[in-house]
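Here's the structure, in structure tokens; my notes come after.
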Amino acid sequence: MALRIGTAPSTCHSSFPFFSSSSSSSSSSSSSSPYSSSTGFGYICSYPYPSSSSSSLTKKPQSLPLSLSSSFTNHICKAAEYKFPDPIPEFADSETKKFKTHLHKKFVKNEIYGDSAEEVVEICTEIFKNFLHTHYGGPGTLLVLPFIDMADTINERGLPGGSQAARTAVKWAQKHVDKDWNEWTGGDSD
């Protein structure tokens, strides 16, 4: 089998750092690597591919440089520079109250929690409150980690329904938190 040089999932290896900051760094890289190009992007992808030009399957790899326009490269860099807003304490407090009210209604009715419903609500609420005050900065920043922490903490304390509580909490958060943030800040509601 011949080695075809191109793009293939999980088989591409950059011959030097992905984004070269200047042409001088790419030219210095091109002298040390046979697979770099003047554009600063060079890839070797070694996956089996039958050769159509010859019956021999022992061709050497060739380089196909990927040329990207400067506007595309700039667009990628701008996306990487986006900063999410800082958490808003007033929003965190307001959202925590809504969250606690919802969980309390759900858990008190549920037989799984029994007499532990209030304690489970307090654990979930405290973890959620801490997350909103320290990490949540609008849509795109709702993480799964606090909900995993809820399940783990409930289970570690020997209380019933850790995974069910976390699932209820994450479902509520996915449905309400980003929407409520947008209403609070006057942002997009999509």
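The values are calculated or read from the model by the stated rules, or taken from the named source; none is laboratory data. Not measured: the values here are computed from a predicted model. Positions of Cβ are backbone-derived with ideal geometry, glycine not excepted, and every protein chain shown enters the neighbour counts.
The table for this structure:
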quantity	calculated
Residue match in segment 120-141 (condition: in a loop (DSSP other than H, G, I, E, B), closer than 13 Å to residue 168 by Cα, modelled with pLDDT under 95 and assigned by TED's automatic domain parsing to the domain that holds residue 152)	no
Evaluation of residue 129 against (1) under 18 Å from the mean Cα position of the chain (by Cα); (2) surrounded by 16 or more Cβ atoms within 10 Å (Cβ to Cβ); (3) without any contact (Cβ under 8 Å) to a residue 40 or more places away in the chain (one fails), failing number	(1)
